[in-house]
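See structure below.
The values are calculated or read from the model by the stated rules, or taken from the named source; none is laboratory data. Bear in mind the structure is a predicted one, so any value in this text is a computation, not a measurement. A quick note on method: Cβ atoms are made from the backbone with ideal geometry, for glycine too, and the neighbour counts reach across all protein chains shown. Keep in mind that these areas ignore ligands, DNA and RNA; they rest on the heavy atoms of the full protein, side chains included. Shrake-Rupley method; radii C 1.70, N 1.55, O 1.52, S 1.80 Å.
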Amino acid sequence: MNKIKTMDLERELPEWAKVVKTVNTVDIYNMSLVDNIFSWTKNIPDVVAIDYFGSTITYGELPEKVRQYANGFKAVGIEAGDVVTMCHAVSAENLLSLLALNALGVIANNPNFLFLRHDTKRYTLDKKSKTLIILDYYLPFVIDDLEEAGVTTVIVTNLQDNLPRANKYIFNDTSALPKQLKKIFCDYDKQAHCRKKMQNMPTIKFYTLAQVLEMGAKMDDPLPTGPVDIERDISYSYTSGTTTGKPKCIVYKEASANALIELHIGIDTQDYVGDRILQVIPYTHVTGERFSGYLQMAKGKTIVPQPIYNKESFARDIILSRCNWVTAAPSFYLEGVKKGFIAQDAFSDLDRACAGGEAITKANVRQIDKWLKMNGCKHRLAIGGGASEDGSSTLTSYSINEETKTNETGHPIEPGIIARIVDEEGKELPIETRGQLEISSAAAADRYLDNPEATAKRWYFDENGTKWGRTGDMAIKHQDGSYTILGRLDDSCVDENGDITYLFDIENQITEDDPMSEWEISSVTDGEGVNHIVAQVVLKTDALKHKKRAIRQIVTEYDVEAVKIFDMFGSSEVTGKRDIQKLRSYKLGYYTYKRDELCKVDYVNDHPPIYSLIDEDEIKIEEF
């Protein structure tokens, strides 16, 4: 049987479907997201839609499975227009819940677990959400806040329900979990407290998801279908909060979700129906939910959920899953680079290794490409870019020259997405001139919830009525129409004279010959309010034998004031990206040269930098 290219998949539109809106020449139908996906997959009933460790659901079986979920949710009182808060791991249950809620016309509220844990009321009561669907391991960390947070219904999920018998207990072994996840999965005191607390909360009804699905299986109600109001709100997502300290709630309408699918029509993404997608990005991230989830389903691909968001097992997970596609933060690939050679055919199934979410240097791209190639991948890293507010993977490197590409972020998916580079006044700049990246996307978010000031700062309409989003990124447009995202505009340091240094300009100078495998340029402030540009690095194995020489080379060649050495860079628990906030918090334990002498330097409160002479054997490598 010949494989079908995703761009050649035959669509069967419902007879009631019609175009009700056109944005950037992209036609948007009066369909729910679920009806849109089903219109593409009706003719491939035997293709597997979801493969959860061997438990499979085909596209032919998917509508009935979604109907069971939808009816189960109706049975516990969930209605159209409700806001339902979800805090799952990446699992078949998570994806099926999202599809069922969309079919019911419910707003899916998707906060990261850490957000919910630290401020439950903000993500439930403030969002008028009375229903919470949550992983059993997460529940103990919010149980004491639920009554005050206005929650009246809790549906508890677990990682085992949808697993086949042979894999039923694969998550019982927590020994390989990252430290932060172990604190969640192995807090037995909290789990015991939770079980006891649940018995004494009469205002809240607790259900297991299995109970909900059992109720749904007994109901004959058909899955809702037919024309919908595409201007209805369908989901709340959240920014990372790294800029303001408080995540903003991003509101998406039905039209946006549909547009992401529609704007890919006719694009040769060099993939096939039935390709396997390793789903490692949580559905709380728009890239995970929309680009890696909904869009790939509409292309008839097989979603392979990976519940534990763990970059340390990333390479192993790709191999064991036999997946063709994966999208992850660059730091996941760089963790693999450290591990080096696995096997000549380890990644022989991998047709597209995608990265996005943060800018990446040319040197790191070359390292990743070398790692992929040595382990059997025949393709180079593909980089997507653009903030989630602008429609997930706004720029894509599908059509970048496979032989010459490095860290180009790619071409906009025209005509649905338009990109431009502007100056501070909004005037468009010439090719090869760096400036601020603005995006107009048919798949863009609508607004920030209850935050008109942030909404107005983020989006504006031009004289032609086109909606533009200010991404906050600095980028360059190249002659071939591709873009390179250099970094965030706020990734900068202002000196005593008011002059601005963009820290990513220094970071992007790293070469493969430098002593560090990874680095971050940061600005630390001393006790007198003076900003200092410093380097935080992970040294290569050979350079660890000559730390003094490496420090001298870095401060001399890159004109940074001091260097701090780490054994590794940890990832943010929220985003999976490099934990910039934590890196910027370090003020002690740097090394530099002063009057040609090796010194330790600390940036402490109420003082200018404090220098002390040391010997090379006193240089310490800090654990992140």
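The residues of region 1-155 expose on average 37 square angstrom of accessible surface per residue, using a 1.4 Å probe on protein heavy atoms. Just to be sure I understand the rule: take each whole DSSP H helix in the chain, project its Cα atoms onto its long axis, keep it if the span is 24 Å or more and its mean Kyte-Doolittle hydropathy is at least 0.0. Which ones pass? Helix filter hits for the chain: none. Modelled spin labels at K373 and K21, positioned 7 Å past Cα toward Cβ, are 4.5 nm from each other.
On full extension, the segment bounded by K179 and E231 gains 14.5 nm, given 0.36 nm per residue less the C-alpha separation.
Annotation: aspartates and glutamates with alpha-carbon distance below 16 angstrom to K182 (same-chain offsets under eight excluded): D136, D173, E312, E573. Around the Cα centre of region 488-607, unit charges on the Cβ atoms of Lys, Arg, Asp and Glu (plus for the first two, minus for the last two) sum to a dipole of about 600 debye. The amide H of A562, built 1.01 Å from its N in the peptide plane, has A535 as neighbours under 5 Å, considering only residues 5 or more places off or on other chains. When peptides 433-439, 189-195, 344-350, 279-285 are ranked by their average number of other Cβ atoms within 10 Å per residue, the highest-first order is 279-285, 433-439, 344-350, 189-195. Our helix-only sum for the chain, with -39,500 (n - 2.57) per DSSP H run of n ≥ 4 divided by its residues, gives a mean residue ellipticity at 222 nm of -6500 deg cm²/dmol. In region 183-295, what percent of the accessible surface is made up of carbon and sulfur (1.4 Å probe, ligands and nucleic acids excluded)? Answer for region 183-295: carbon and sulfur cover 53 percent of the accessible area. Split the accessible area of region 440-588 by element, probe 1.4 Å, and carbon with sulfur accounts for 46%.
Dipole magnitude for region 80-176: computed about the Cα centre from +1 point charges on Lys and Arg Cβ and -1 point charges on Asp and Glu Cβ, it is near 220 debye. Its residue count N fixes a reference of 2.2 N^0.38 Å for region 215-280, and the Cα radius of gyration divided by that reference is 1.64. Averaging 1/r across all pairs of distinct Cα atoms in region 125-270 and inverting the result yields a Kirkwood radius of 19.2 Å. For region 367-422, the calculated P(r) over all alpha carbon pairs, in 5 Å bins from 0 to the bin holding the longest distance, is 4, 19, 25, 20, 15, 10, 6, 2, 0 percent. When Lys and Arg each count +1 and Asp and Glu each count -1, what net charge do the other residues less than 11 Å away from G416, Cβ to Cβ, add up to? With Lys, Arg at +1 and Asp, Glu at -1, the net is -3. Projection of the Cα convex hull of region 82-172, averaged over all directions and equal to a quarter of that hull's surface, yields 5.9 nm². Checking the cross-link pairs K130/K253; K370/K564; K540/K620 against a 23 Å limit on the alpha carbon distance flags K370/K564 as lying beyond it. On the beta carbon distance between E403 and D268, with R0 = 25 Å, the FRET formula returns roughly 0.90. With the simple model of a label 7 Å out from the Cα in the direction of the Cβ, A80 to K467 spans 2.2 nm. For the pair T525 and Q553, label points projected 7 Å from Cα toward Cβ lie 3.4 nm apart. The overall shape of region 133-194, judged from the alpha-carbon gyration tensor, is oblate: a/c is not under 1.5, and a/b is no greater than b/c.
Normalising by the residue count of region 522-624, find the relative contact order in percent from Cα pairs under 8 Å and 6+ residues apart. Relative contact order here is 30 percent. Across the options V604, Y591, N43, the greatest Cα extent toward the positive end of the charge dipole of the chain (unit charges at beta carbon of Lys, Arg, Asp, Glu) belongs to N43. Pairs of Cα atoms nearer than 8 Å and 6+ residues apart set the relative contact order; for region 275-397 it is 23 percent. Sorted largest first, the spans of the alpha carbon positions of region 462-600 along the three principal axes are 61, 36, 33 Å. Think of the chain as a dipole: +1 on every Lys or Arg Cβ, -1 on every Asp or Glu Cβ, centred on the Cα centre; then among T409, F332, V560, F332 lies furthest on the positive end.
Basic side chains Lys and Arg get +1 at the Cβ, acidic Asp and Glu get -1 at the Cβ, and with that the dipole of the chain about its Cα centre reaches some 1680 debye. For region 383-494, what does the alpha-carbon gyration tensor say about shape, rounded, prolate or oblate, given a ≥ b ≥ c as the root eigenvalues, a/c under 1.5 as rounded, and a/b over b/c as prolate? Prolate, because a/c is 1.5 or more and a/b exceeds b/c. Charge tally for N605 (other residues, Cβ to Cβ under 11 Å; Lys, Arg +1; Asp, Glu -1): -3. Mean separation of Cα pairs under 8 Å and 6 or more residues apart, divided by the residue count, gives the chain a relative contact order of 11 percent. From the Cα gyration tensor of region 433-518, with a ≥ b ≥ c the square roots of its eigenvalues, which class applies: rounded if a/c is under 1.5, or else prolate if a/b is larger than b/c, or else oblate? Prolate shape, in that a/c is at least 1.5 and a/b is the bigger ratio. A simple packing score, the average count of other Cβ atoms within 10 Å per residue, orders the peptides 170-182, 55-67, 92-104 as 92-104, 55-67, 170-182, with the highest score first. Shape index of the chain: Rg/Rh, with Rg the Cα radius of gyration and Rh the Kirkwood radius from the inverse mean 1/r over Cα pairs, equals 0.97.
Counting Lys and Arg as +1 and Asp and Glu as -1 over every other residue whose Cβ lies under 10 Å from the Cβ of F566, the net charge comes to -4.
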